[in-house]
Amino acid sequence: MDFETIRTAILDVVREHQAWAPVVTGVIAFCESLAVLSLLVPATVILLGIGALLGAGGIPFVPVMVGAAIGAILGDWMSYEFGRYYKDGAKRIWPLTRYPEMIAKGEQFCRRWGAWGIFIGRFIGPARAVVPLIAGIFAVQRLSFQLANVTSAFVWAFVWLAPGAGLLSFLKGN
C-alpha cells in the first residue's frame, strides 16, 4: 500500500465518520510522534488534509486539535521512556541502526538545545522522529521534557490543522 492510498483512505474515514475525527487525528499524531514509526506514516499530509476537512465545515476544530495534541504527547512520551529505559542500547536496536546519521544529528540537537530541543524538534521533520528518544537516552529531566512536550504538542497541532481549516473557511466566506 502506498502513501497516497493511506492518505486517501484516512481522509475518507474522517469525512464519512466526522464524530471520530478527534480520535483518528490523535492516532495519526501519535504515529507521527513515535520514534521510527513516524518515518513510515505520511502524517503531515494527512494532518493538512484533515485541516482542510475542518475548513470545509461540519467538524469542530478544537476537539480535533486536542486529539492531535494528545496523540503527539503520547507518542513523544513513549519515545522518551523507551530512550530512558534502553539508554545507549536504544541506538543498537533495529531499525535505529539503519539511521546512524539521524541519531547523531538528534544527539547534537539535544546537546545544543536541551529541553528546548523537545519544543523546537517537534517542528523539524527528521528531528521530530528522534529528539524525544535521544532526550530519554540523555535522561533529560521528566518535568522539563513533559513541559516542552505538552506545550509544543498543542502549538504543533494548531500549526498543522489551522491553515487548512482557516484558509478554506476564509475562501468560502469571500
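Each value in this text was obtained by applying a stated rule to the coordinates, not by laboratory testing. Please read all numbers here as calculations on a predicted model, not as lab measurements.
Descriptive notes on the structure:
- You can think of it this way: the chain between Lys87 and Ala56 has 6.6 nm of extra reach, that is 0.36 nm per residue less the Cα-Cα gap.
- MRE, 222 nm, helices only [DSSP H, n ≥ 4, -39500 (n - 2.57), over the chain, to nearest 500]: -24500 deg cm²/dmol
- Identified option (computed volume of the Cα convex hull per residue in Å³; candidates (i) 137; (ii) 146; (iii) 108): (iii)
- Across region 27-35, coupling constants 3J(HN,Hα) worked out from phi with the 6.51/-1.76/1.60 Karplus curve, θ = phi - 60°, read 5, 4, 5, 4, 4, 5, 9, 7, 3 Hz, and Gly and Pro carry x.
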